[in-house]
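Throughout, read-outs are computed from the coordinates displayed, never taken from laboratory work. Being a predicted model, the structure only gives us computed values, none of them experimental. Here Cβ is always computed from backbone atoms with ideal geometry, including for glycine, and neighbour counts include all displayed protein chains.
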Ligand code: BES
Ligand code: ZN
Ligand code: ZN
C-alpha cells in the first residue's frame, strides 16, 4: 500500500474520501472541521444534533458532500471522550485509540470499495503532541486493518485499499509526519508478513518453506542467512531439537538470519548484539501426547514466534537500526509416528544437560532449549525469545496481553515500555527458584513438564536453565497469536503479535 504525505489542505483534496475525527464530548466544531461544516451548510452539525453519530470510539459515519467540496465523501470517525485522551499522562493509550480509530475509518472505506483516502493529523490542536508518533499510529492502524489473506480464494474480493495520504498545511510539520508514517508502514508491514506466514496452512508452510522465506528476506534486505539442515544440526548436537523433529518426514531446519549495520555508515566501533529466538513449529499435533482436533485448529500458527523474528530482523535492516541482530528459528513439525520421540525418553541437549521427556506436546521448550543454548556462541548483550509456548498463559492472562519472564529487571522493563507504546502489551510473571522444584527429574538433569498449576511459569523456568547468566526475556504469545473475531486493526486469524513490540523495543535500545 502506498503511503503519501502531501502539503495541502484536507478541504482542498479531491481524493475518493477524506477522514475527519471527532471527540464524543466535544461541544463545538473548531478549526478546519468547522470551516468544512460551514461549506457543507451544516451537514456535520446536523448529523451530530440528531445523534446518529456522536463520536464514540471507532464509530464511523459517511457524509456525501454533493459537490460542495472537491472530495465526494467524508468518513467521520469517533475518538471517544477527549477527557480520556491524556497525551501527557497516558501516551500509549492515546496512540492505541488513534490506531483503532484510523483502522475503523479504513474498514469503512474498504466496505465502500474506496481505493484511497486522505486524512490530516488528529487531534489537530492537542498541546505537546508528538507528530511523528501520531502519524506512525495512524499509518499502523490503516495498514494493519487493510490486511487480507486471499491467496487461496478463487474469487478475490477486491476490497483492499491501494493507498492513503496524510495532508498537512504547515511546511514545518511535514518532516515529522513523513518520518512517523514511514516507520508505521515498516512496523505494520512486518506484522502483516508474520500474519501471512502464520495463516499459511502447514502443508504449504513446512520448515523447508519457512527457510526459503528466510532466504528471500535475506536477499531483499541484505542479510546474512544460514539454513542448517539435518546433518549440520546433528553435528551441533542439538538433540533436543532433533528429538521433536524425529516424528515427521519433513526435515527440520535451523534458520539463522543476521543483520549488521552497514560498516560504511557505522557511527560506532562496536554495536550491541542481540539474539532473537523464535519458536518455529509449523504444525503441533502434540506428538505421541496427541492433541484433540479442536486443540489442533490453531496449531499451524505454532511458528508465529519464528515468523515474528524473521520479520523483525528484516524490518530492522530496512530501518537501519544501530544494532547487530541475530535471529534464530528452530523449525520443525511435531507429529506422532513410529520414529517419534516417546514418553520417558531421555536426551542429551546441546547444552549437555539431559532432559527427561514426560509429555511430547511440551515440544516448544525442547527446541528453544537448544536454540537458546546455541545463542550463546554469539556472546550477545541480551537474548530475547518469543513463542506460542503454553495454553496456560492464555488461562492466566486471557487474550489481551502476552506474558513475559526474564532474569534482568532493566530488560523486562524495556519490554513492558515497548508494549505500552505499541499496544502489544505484556505482563510480567515470576520466575522464582521455587519453580525449579517442579521440573526436577528422577533420572535426568531436568524434565520437560511439571504439572498444571503455574504451567506457563514452569515452561519459562525450564527455558531459563539454558540461557545461563545472559540477560534474557521470554515472551509467551500463546494467548494472543490468533483472534477469533475481527477487531479494528486485528483480523480474524493470525494477529502477528510481537512484531511491533520487538521493533519498538529495538528502536528504543540504548544498552543495559
Ligand atoms: N503450541 C502449544 C501451546 C499453545 C496452545 C499455543 C494453545 C497456542 C494456543 C504447546 O506446544 C503446547 O502444546 N503446550 C502444552 C504444554 C503442556 C503439555 C505442558 C500446553 O500448554 O498445553
Ligand atoms: Zn505442543
Ligand atoms: Zn507447540
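In a fully extended conformation the segment linking residue 272 and residue 318 would gain 14.8 nm over its present Cα-Cα distance, using 0.36 nm per residue. For the chain, the longest principal axis of the alpha carbon atoms and the long axis of helix 91-111 meet at an angle near 70°.
May I ask for log10 I(q)/I(0) of the stretch 84-175 at q = 0.11 Å⁻¹, from a Debye sum over the Cα atoms as equal point scatterers with solvent left out? The Debye formula, applied to the Cα set alone, gives -0.37.
Exposure proxy shown here: for 10, 62, 142, the number of other Cβ atoms within 10 Å sets the order, fewest to most, as 62, 10, 142. Compute the separation of the alpha-carbon centres of the stretch 230-308 and the stretch 320-349 and state it in Å as a whole number. Each part reduced to its Cα centre gives a spacing of 6 Å. Roughly what % antiparallel, to the nearest 5, for the DSSP beta bridges in the chain? Within the chain, antiparallel bridges account for around 40 percent of the total. Taking all pairs of different Cα atoms in the stretch 47-136, averaging 1/r and flipping that mean, what Kirkwood radius in angstroms comes out? Answer for the stretch 47-136: a Kirkwood hydrodynamic radius of 14.2 Å. Translational diffusion coefficient, Stokes-Einstein: compute it for the stretch 2-168 using the Kirkwood radius over C-alpha pairs as Rh, at 20 °C and 1.002 mPa s, and state it as an integer in µm² s⁻¹. Rounded, D is 132 µm²/s. When peptides 247-259, 406-418 are ranked by their average number of other Cβ atoms within 10 Å per residue, the highest-first order is 247-259, 406-418.
Distance from the C-alpha centroid of the stretch 408-438 to that of the stretch 1-58: 41 Å, rounded to the whole angstrom. If you wrap the chain in the convex hull of its Cα atoms and look at it from every side, the mean projected area works out to 25.0 nm². Between the helical axis of 207-221 and the longest alpha-carbon principal axis of the chain there is an angle of about 50 degrees. The separation of the stretch 164-190 from the stretch 98-152, counted between C-alpha centres, amounts to 11 Å. Rounded to the nearest 10 degrees, the inclination of helix 455-464 to the longest alpha-carbon principal axis of the chain is 70 degrees. Neighbour counts of C-beta atoms inside 10 Å place 378, 187 in the sequence 378, 187, starting with the fewest.
Counting beta carbons within 10 Å around each of 355, 326 and listing the fewest first gives the order 326, 355.
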